[in-house]
Amino acid sequence: MKCYNHENIDAVGICKNCGIAVCKNCSSLFKGKLLCNKCREKIKKRKDTLPEEKSLNNTQKLIDNFDHYLALSKKAIGVDTSWSEGVIEHIKVIDMIRKTDNYEALIRKDYFLKAVHITLIAWGLNRRGARLKKFDDFKENILNNIDAISSLKKYELEKLSDLNQIKEQLLSVFNHLNVMESKAKLVSVSKTLAHFIPDLIPPIDYQNVYRFFYGDTSNPPNPRAEAKKFYEILQKFHGIQKKADLSKENHKLEGFNSSVPKMIDNAIWGVNYEKKIKARNNTHNKITYSPHPKNKTGIPVWTMISKVVKELGNEFTSKDIINSVINKYGDVNKGTIRDYIYLLTVNNSSRIHWGYNQKVRIANSKYDILFKNNQNKLELYDSKKHGIWEIIRSKDGFSINLKKI
């Protein structure tokens with residue numbers, strides 16, 4: 001495999017950020033990861049940017065293009081199917097509030113409290129390390145604070161000129177609500193209040209909202225720090241609402257866009273989704289070779305390889321393939337041939353760095369023709385002999401896997 005920038009120099013590895021092959025002079029280690037020099041500089045530049053500057057840039061971008069990001073959030077929610085149940089349950093709860101003639105009576109009813117409890121579970125408050133209190137304990141804690149919650153119902157984010165006028169009430173409710181078995185409160189309390197007073201409180205999570213404003217997902221160290229962040233984030237939502245002129249009058253509330261605070265939350269989701277798409281596209285655009293590289297013959301290199309290996313016998317080496325391709329087709333870059341051997345070998349882990357192999361599939365296509373055996377030799381891939389290999393999605397993107405039967 002040759003360096004992306006120097007085709008005559010062997011690469012030492014693949015950039016973990018953009019996926020290009022790099023030599024020693026074009027790469028460096030950053031926190032144990034190999035990066036090309038360009039990506040290293042970009043990351044360094046991002047690190048040098050103050051969190052406050054990032055937050056202001058993100059916020060202004062959201063305000064200037066609010067409708068775009070709100071529309072984009074629908075695609076994001078559609079892609080993440082794990083949210084389907086949470087969306088449905090959320091809409092049910094908000095519809096109950098919108099249609100009731102007696103709010104204070106409604107929020108004391110078991111069927112409403114159970115609906116909120118079910119929604120919070122669907123929103124992830126009972127997964128991994130998070131443990132929502134069982135319904136009876138959840139209900140008791142809500143009813144103990146129901147008057148304080150109810151007193152905030154008359155306030156709406158869009159109608160408040162100054163959030164400070166209800167700061168003490170907000171922090172009091174936050175501090176007294178305890179709906180989780182654990183001590184962490186920022187996510188659980190905000191998501192709970194978003195289903196009792198949806199026109200005032202947004203749901204806050206770490207992956208979208210917190211990361212959007214603070215650039216990371218590091219939890220505040222204690223309840224006091226969480227209360228501070230809770231109020232800060234409410235102020236940020238209030239500022240976005242004012243600057244973007246968001247209200248029920250100029251934005252129709254329907255479906256998952258159930259309130260002004262929820263619309264802002266969804267638009268933030270849209271911003272983060274667009275960043276993921278752009279990062280994915282940038283990585284794909286920087287892939288060193290496509291499955292159809294240009295060369296003097298006009299014949300794709302993978303086609304050359306697939307033809308010559310059929311004449312090489314049961315076992316052969318990369319060198320055998322390179323020599324056979326050059327003998328048969330003339331002046332073809334050796335590094336390119338070598339790279340395509342990696343791309344075509346079903347059990348070579350580096351094959352996922354090429355664009356065509358960055359998709360989930362079983363190895364049964366025209367790009368899955370080689371297998372590397374225990375003697376470090378290559379063979380024609382046979383699923384009956386070598387097992388069923390596949391490309392799967394992993395936490396780092398994609399990886400190869402021998403499928404268990």
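Which residue, chosen from 373, 353, 363, occupies the Cα position most advanced towards the positive end of the dipole of region 289-402, where the dipole is computed from +1 (Lys, Arg) and -1 (Asp, Glu) charges on Cβ about the Cα centre?
The one lying farthest along the dipole's positive direction is 353.
If you average the C-alpha positions of region 311-382 and of region 162-207 separately, how far apart do those two centres end up, in angstrom?
Each part's Cα centre sits 56 Å from the other's.
Which listed residue (214, 120, 309) has the Cα farthest towards the positive end of the charge dipole for the chain, taking +1 on Lys and Arg C-beta and -1 on Asp and Glu C-beta about the Cα centre?
309
Just to be sure I follow: if Rg is taken over the C-alpha atoms of region 1-48 and Rh is the Kirkwood radius over the same atoms, what is Rg/Rh? Could the numbers behind the result be given before it?
Values: Rg = 10.4 Å, Rh = 10.6 Å.
With Rh from the inverse mean 1/r over Cα pairs, Rg/Rh is 0.99.
Arrange the peptides 255-261, 217-223, 375-381 so that the one whose residues have, on average, the most other Cβ atoms within 10 Å appears first.
255-261, 375-381, 217-223
Rounded if a/c is under 1.5, else prolate if a/b beats b/c, else oblate: with a ≥ b ≥ c from the C-alpha gyration tensor eigenvalues square-rooted, which is region 295-395?
Judged from the Cα gyration tensor, region 295-395 comes out oblate (a/c at least 1.5, b/c at or above a/b).
Run the dipole for region 209-248 about the Cα centre, Lys and Arg Cβ at +1, Asp and Glu Cβ at -1, nothing else charged, and hand back the magnitude in debye, nearest 20.
Computed charge dipole of region 209-248: roughly 120 debye.
Hey, fewest Cβ within 10 Å first, where do 400, 392, 91 land in order?
In order of increasing Cβ crowding within 10 Å: 392, 91, 400.
Using only Cα atoms, tell me the angle between helix 260-285 and the longest principal axis of the chain; keep it within 0 to 90° and round to the nearest 10.
So the inclination is approximately 10 degrees.
Please report, in debye to the nearest 20, how large the charge dipole of region 302-361 is about its Cα centre when each Lys and Arg carries +1 at its beta carbon and each Asp and Glu carries -1 there.
For region 302-361, the charge dipole is close to 200 debye.
Of 318, 387, 342, which is farthest along the charge dipole of the chain in the positive direction, counting Lys and Arg as +1 and Asp and Glu as -1 at C-beta?
318
Only the coordinates and a few stated rules stand behind these numbers; no lab work does. Everything numeric in this text was worked out from a predicted model, so none of it was measured. Quick reminder, even Gly has a Cβ in these numbers, built from the backbone with ideal geometry, and neighbours come from all protein chains shown.
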